[in-house]
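Read through the structure below, which is laid out as structure tokens, and then see the notes.
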Amino acid sequence: EANVVKIRGAGKSGGFGGGGSKTSPAALKAEGKAHAKVLKKDGVVRIDKVLSSDQADTMREYVLSLREKSLEEIKSGKVQSLQRFANVLLRKDRCDLTLPLGQDDVIADSMNEVLRESAAGQAIKTLLGKGSILYELSCLISDPGSHRQNLHPDTPHFVGSEAVLYTCFIALQDVRLDMGPTTWLPGTHTAGAHEAFQDGNSSREGGESKKDELIRTAPSVLG
């Protein structure tokens, strides 16, 4: 469920592509701080109304068109695969399409909504400050028939340091259960959880590894 923050002037609450009045800069800043607090505590937070319905539809059409164009360029030998698609686990019926910055207005308009007009942008600013750097912009696409990826951490955990990277997933369409929504394990962004996840040794009493125990007992949420 979305993290609900009741702040005066924050507009109406809404789901994916929710409507509601424009939120004031002060309310957005306060809401972003509240989301950032949950993110630091749990390692994951859901924020609604990050992208408008119209912009999400436009972005989805753009992404699908860019994907087809990229596949044609690779097939013709014009570009290498890694110039258009990043490495991803279980590539069959799944791809990670890199999105070019500074070339198309649809990307700039979407980034503007996310970073300047939503609480997600303010949460990122709260956590990383004004000097933060965008490491990657891409679209993960899973087609019907794609296999479920194994649970995995995207980044290592360094004891005594802040997170090395924050990832923001933005749905460009409604996601049903049969489409395989992303699974997260809240609270596993700690050194202890990462250490347990790396321990696949099943020689413990009962034959269960620390990794298996972690996956079996940790609460999970779906995107």
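Looking at segment 102-121, can you tell me whether even one residue there is under 24 Å from Ala191 (Cβ atoms) and open to solvent by less than 80 Å² (accessible area, probe 1.4 Å)? For segment 102-121, residues under 24 Å from Ala191 (Cβ atoms) and open to solvent by less than 80 Å² (accessible area, probe 1.4 Å): absent.
Of all residue pairs spaced 6 or more apart or on separate chains, those with beta-carbon atoms under 6 Å, a first member in segment 63-76 that is more than 17 Å from Leu101 (Cα to Cα) and a second member that is modelled with pLDDT under 95 and surrounded by 11 or more Cβ atoms within 10 Å (Cβ to Cβ) are Glu73/Val79; Ile74/Ser81.
Scanning for something small (Gly, Ala, Ser) and either closer than 24 Å to Asn3 by Cα or at pLDDT 95 or above (or both), does segment 146-166 turn up at least one residue? Taking every residue of segment 146-166 in turn, at least one turns out to be small (Gly, Ala, Ser) and either closer than 24 Å to Asn3 by Cα or at pLDDT 95 or above (or both).
Residues in segment 158-196 that are among the aliphatic types (A, V, I, L, M), touching a residue at least 24 places away in the same chain (Cβ under 8 Å) and either open to solvent by 50 Å² or more (accessible area, probe 1.4 Å) or not in a helix (DSSP H, G or I) (or both): Val159, Ala163, Leu165, Ile170, Ala171, Leu172, Val175, Leu177, Met179, Leu185. Looking only at residues in segment 208-223 that are among the hydroxyl-bearing types (Ser, Thr, Tyr) and in a loop (DSSP other than H, G, I, E, B), the one that is least open to solvent (accessible area, probe 1.4 Å) is Ser209.
Answer yes or no: is there a residue in segment 200-217 that is closer than 30 Å to Leu115 by Cα and in contact with a Lys or Arg (Cβ under 8 Å, 6 or more places away or on another chain). Among the residues of segment 200-217, not one is closer than 30 Å to Leu115 by Cα and in contact with a Lys or Arg (Cβ under 8 Å, 6 or more places away or on another chain), which makes the answer no. Against the criterion of being touching a residue at least 40 places away in the same chain (Cβ under 8 Å), surrounded by 11 or more Cβ atoms within 10 Å (Cβ to Cβ) and touching a helix residue (DSSP H, G or I) at 6+ places or on another chain (Cβ under 6 Å), Thr98 does not qualify.
Pairs meeting the criteria (first residue in segment 197-212 and modelled with pLDDT of 90 or more, second residue part of a helix (DSSP H, G or I) and among the polar types (S, T, N, Q), beta carbons under 8 Å, at least 6 apart or on different chains) are Lys211/Gln198.
Scanning segment 121-148 for residues that are among the hydrophobic types (A, V, I, L, M, F, W, C), in contact with a Ser or Thr (Cβ under 9 Å, 6 or more places away or on another chain) and assigned to a loop (DSSP other than H, G, I, E, B) yields a total of 1. Scan segment 64-82 and give yes if some residue there is within 28 Å of Pro156 (Cα to Cα) and either open to solvent by 40 Å² or more (accessible area, probe 1.4 Å) or modelled with pLDDT of 95 or more (or both), otherwise no. There is at least one residue in segment 64-82 that is within 28 Å of Pro156 (Cα to Cα) and either open to solvent by 40 Å² or more (accessible area, probe 1.4 Å) or modelled with pLDDT of 95 or more (or both).
Leu151 passes every criterion in (1) closer than 20 Å to Leu51 by Cα; (2) in a loop (DSSP other than H, G, I, E, B); (3) open to solvent by 50 Å² or more (accessible area, probe 1.4 Å) apart from (1).
When residues in segment 23-37 are screened for being over 13 Å from Asn3 (Cα atoms), open to solvent by less than 100 Å² (accessible area, probe 1.4 Å) and not aliphatic (A, V, I, L, M), 2 of them pass.
The values are calculated or read from the model by the stated rules, or taken from the named source; none is laboratory data. Predicted model, so just to flag it, every value in this text is computed and none were measured. All Cβ positions, even for glycine, are placed from backbone atoms using ideal geometry, and neighbour counts span all protein chains on display. Heavy atoms of the whole protein, side chains included, go into the accessibility calculation; ligands, DNA and RNA do not. Shrake-Rupley method; radii C 1.70, N 1.55, O 1.52, S 1.80 Å.
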